[in-house]
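Colleague: Okay, here's the structure, questions in a sec.
The values are calculated or read from the model by the stated rules, or taken from the named source; none is laboratory data. This one's a predicted model, so the numbers in the text were calculated from it and none came from an experiment. Ideal geometry is used to build each Cβ from the backbone, glycine not excepted, and the neighbour counts take in all protein chains shown. Side chains are part of the model used for accessible areas, which takes the heavy atoms of the whole protein and leaves out ligands, DNA and RNA. Shrake-Rupley method; radii C 1.70, N 1.55, O 1.52, S 1.80 Å.
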Amino acid sequence: MKYRRSVSLCVGKRPAVLNFDRFLRLQSSSINANQYVEFSETRPEVLGIPAAALPSYREPATVSWRGRWYTLQTKRLPEETGGYRVLICPKTREEELRRKVAIYEKILNTIHEGVLVTDPGGRVIFYNQELAVLEGIDPREAIGKHVTELYRQSPGDSEHLQVSQTSRPIPESFQKYFTQNGVEVHSVASTVPIIENGELLAVYSVCRETTHMKEMLIRTMQLQGMDSEAEENPKTDGRKVPKSATYNFAHIVGKSKPMQEVVRAAQRAMLTSANILIYGETGTGKELLVQSIHNGSPWRAQPFVAINCAAIPENLLETMLFGAVKGAYTGAVPTVGLCEYAADGTLYLDEISSMSIGLQAKLLRAVQERSFRKVGSVTESPLRCRIISSINVDPLTCLQKHLLREDLFYRLSVISLYLPPLRERTGDIPLLIEYFIKKHSPRNDLKKMDPDLARLLLHYRWSGNIRELENTVESMIYLTGEEKWLTYEHLPAYLKAQVGKTTPLPAASEGGSGPRLNSSLLSAENNIIVEALKKHRGNINRAAKELGILRQSLQYRVKKLGIEVEQFRK
Ligand SMILES: Nc1ncnc2c1ncn2[C@@H]1O[C@H](COP(=O)(O)OP(=O)(O)OP(=O)(O)O)[C@@H](O)[C@H]1O
């Protein structure tokens, strides 16, 4: 069939493609046989281009249209006829398939999952770049090999061969295996058959590497005082008892009413096996309380396992919590989860609201059913531990912002405890300071805190709560060196500014309510400092020198007494 019509060719970077595309859009269906379109050089107004430019488009071009590929070639017609002919040649099926395969291969080679395709007999027909990086094998070397040869495994261990035989997919299974080059690989893979008209064409698997996740898991568990692989750590009952809780109620300092109340409630809760939810801002002593509950409970000899849900990536957290079963590849090992380690003891889930909603659903199921499923397993394991969880965002906000599933919240908070922030129990601050000074002072050199400073610290808003207070005391002790007294000078720099800003100065705030000796001393101090400042016209350095104290110390006292230095500079 021959088309004789003028089509406009445009001069541009890809003229042939643009032209052909425009032409093809006029067609109602794909073009199945070679055909051509001619146009006349004598009608440049139709062409819309300088005809003299046309010969340069004789190079064949390949274009696609409606899922098919065509070659386009421009040919000059004899002089007397004038004009040009564009030949349109559909590519053969084979050529088309080759192109399609090249495209799919390109895509599969750029994704971040390893892809392996085998024929029904188990020979590798595709092996992508990601897998090559993961396993250290050149794809050219892998293609054509049998999976058992590639992975040094027996036929019974190969998921690809299993799927070939059963035609049933194996979803998400954990694997640890060795490549022919001896590279150890940990991954999660799904293996799927490709069936057309009842005939098995191929089997493919898509895998994600978990080697580093596995290392993290092992390291984290080692930090907890246990190893992740029961096989490698035989104990009579197949589980190693992890590091135990070290604190008990005797370690909790605090005589304030709210603190006494929470301790009393916790001591009642410790005798039950009910799940407990603790709410408290960061550093308020949640873990200390949880450990005390565990150590006071009838299950104190059993494991105590704690995990911070915010610190662990989601897919790793699931494995850490529930464990994983042996994969079907050679050498695959089971991973024991924290739920199993904590059996008969306490599992502490810190910052539970950071857990993904998906994983919360699995945890809810475990708590409700009192059983859980290891990753990749189809069987249930019993959940035999008490769960104590904590949040540092208030429960209402957690629920409103959907950080915590409501149904899980109710399951976990059979008993709920609230640890008030330090600003709501300032009465505990002097006790805590004393406690931390004792805890961190060098042996035979018990430090003391300047009472004025202690009073200033009472009014500071401790956003890091007790942890911040403890760190402050510890760092001050370090800075005192040989000195006995912890003073304003030893405060961390960020606190010096803050304490001055947020604290009502004792001289102003306490007025005459303090002991008389104290107020007389303050007024004497005030007079001496004012005199020195007057003499040196508000120059802090010189005044401090005259008084025989450090500049920072004078600044602190000036601030404490509310002295306006500027007035002396005029
Ligand atoms: N009442 C207390 N008496 C003595 N020390 C305390 C008290 N509360 C907390 N601490 C100490 O303060 C530090 C922080 O406590 P802890 O880790 O229990 O807080 P947390 O609320 O669990 O913190 P986070 O929210 O960051 O997990 C610890 O060193 C702990 O020993």
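Colleague: Does region 241-269 hold any residues that are under 19 Å from Tyr410 (Cα atoms) and either among the polar types (S, T, N, Q) or within 14 Å of the ligand (Cβ to nearest atom) (or both), and which are they?
Modeller: Ala266
Colleague: Which residue, of Leu131, Leu108, Leu97, is assigned to a helix (DSSP H, G or I) and under 15 Å from Thr191 (Cβ atoms)?
Modeller: On the way: Leu108 fails: under 15 Å from Thr191 (Cβ atoms); Leu97 fails: under 15 Å from Thr191 (Cβ atoms).
When all the criteria are applied, what remains is Leu131.
Table: residues versus (1) out of contact with any strand residue (DSSP E or B) (no Cβ under 9 Å at 6 or more places or on another chain); (2) surrounded by fewer than 20 Cβ atoms within 10 Å (Cβ to Cβ); (3) hydrophobic (A, V, I, L, M, F, W, C).
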position	(1), (2), (3)
Gly358	yes, yes, no
Lys362	no, yes, no
Arg365	no, yes, no
Val378	yes, yes, yes
Leu383	no, no, yes
Arg386	no, no, no
Val393	no, yes, yes
Leu399	yes, yes, yes
Glu406	yes, yes, no
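Colleague: Condition first: touching a residue at least 24 places away in the same chain (Cβ under 8 Å) and surrounded by fewer than 17 Cβ atoms within 10 Å (Cβ to Cβ). Now tell me which residues in region 484-494 satisfy that.
Modeller: Across region 484-494, the qualifying residues are Lys484, Trp485.
Colleague: Taking the stated definitions as given, is Arg455 more than 16 Å from the ligand (Cβ to nearest atom), under 24 Å from Pro258 (Cβ atoms) and within 38 Å of the chain's Cα centre (by Cα)?
Modeller: Spelling it out, it is not the case that Arg455 is more than 16 Å from the ligand (Cβ to nearest atom), under 24 Å from Pro258 (Cβ atoms) and within 38 Å of the chain's Cα centre (by Cα).
Colleague: Another question, if that's okay. Give the residue, chosen from Val253, Val241, that is modelled with pLDDT of 95 or more, assigned to a loop (DSSP other than H, G, I, E, B) and surrounded by fewer than 21 Cβ atoms within 10 Å (Cβ to Cβ).
Modeller: Val253
Colleague: Could you check Val414 against (1) of a type in the set (Val, Ile, Thr); (2) open to solvent by less than 70 Å² (accessible area, probe 1.4 Å); (3) closer than 21 Å to Val263 by Cβ and say which number it fails?
Modeller: With respect to (1) of a type in the set (Val, Ile, Thr); (2) open to solvent by less than 70 Å² (accessible area, probe 1.4 Å); (3) closer than 21 Å to Val263 by Cβ, Val414 is out only on (2).
Colleague: Condition (residue is more than 11 Å from the ligand (Cβ to nearest atom) and either open to solvent by 40 Å² or more (accessible area, probe 1.4 Å) or over 16 Å from Glu351 (Cβ atoms) (or both)) applied to region 304-312: is it met by at least one residue?
Modeller: So far as region 304-312 goes, yes, one or more of its residues are more than 11 Å from the ligand (Cβ to nearest atom) and either open to solvent by 40 Å² or more (accessible area, probe 1.4 Å) or over 16 Å from Glu351 (Cβ atoms) (or both).
Colleague: Right, Arg423: surrounded by fewer than 17 Cβ atoms within 10 Å (Cβ to Cβ), at pLDDT below 90, more than 30 Å from Thr272 (Cβ to Cβ) and basic (Lys, Arg) or not?
Modeller: So Arg423 does not fit the description; no.
Colleague: Now for a different question. Return the pair list, or none, for Cβ contacts closer than 6 Å from residues in region 426-449 that are in the same structural domain as Thr480 (by TED's automatic domain parsing) and in contact (Cβ under 8 Å) with a residue 24 or more places away in the chain to residues that are within 16 Å of the ligand (Cβ to nearest atom) and of a type in the set (D, E, K, R), at least 6 apart or on different chains.
Modeller: Phe436/Glu470; His440/Glu474
Colleague: Mind listing whichever residues of region 130-154 are open to solvent by 60 Å² or more (accessible area, probe 1.4 Å) and more than 30 Å from Leu316 (Cα to Cα)?
Modeller: Selection gives Arg140, Glu141, Ile143, Glu149.
Colleague: What pairs come out if I take residues in region 283-294 that are over 12 Å from Val262 (Cβ atoms) and pair them with residues that are near the ligand (Cβ under 6 Å from one of its atoms) and not basic (Lys, Arg) whose C-beta lies under 6 Å away, six or more apart or interchain?
Modeller: Gly283/Ile466
Colleague: Here are some residues: Thr282, Thr272. Which one is open to solvent by 20 Å² or more (accessible area, probe 1.4 Å), outside any helix (DSSP H, G or I) and near the ligand (Cβ under 10 Å from one of its atoms)?
Modeller: Working: Thr272 fails: near the ligand (Cβ under 10 Å from one of its atoms).
Of the residues listed, the single one that is open to solvent by 20 Å² or more (accessible area, probe 1.4 Å), outside any helix (DSSP H, G or I) and near the ligand (Cβ under 10 Å from one of its atoms) is Thr282.
Colleague: Can you tell me which residues in region 117-126 are in contact with a Leu (Cβ under 6 Å, 6 or more places away or on another chain) and open to solvent by less than 10 Å² (accessible area, probe 1.4 Å)?
Modeller: Our first condition is that a residue be in contact with a Leu (Cβ under 6 Å, 6 or more places away or on another chain); within region 117-126, this holds for 120, 122.
Once the filter is applied, which keeps residues that are in contact with a Leu (Cβ under 6 Å, 6 or more places away or on another chain) and open to solvent by less than 10 Å² (accessible area, probe 1.4 Å), region 117-126 yields only Gly122.
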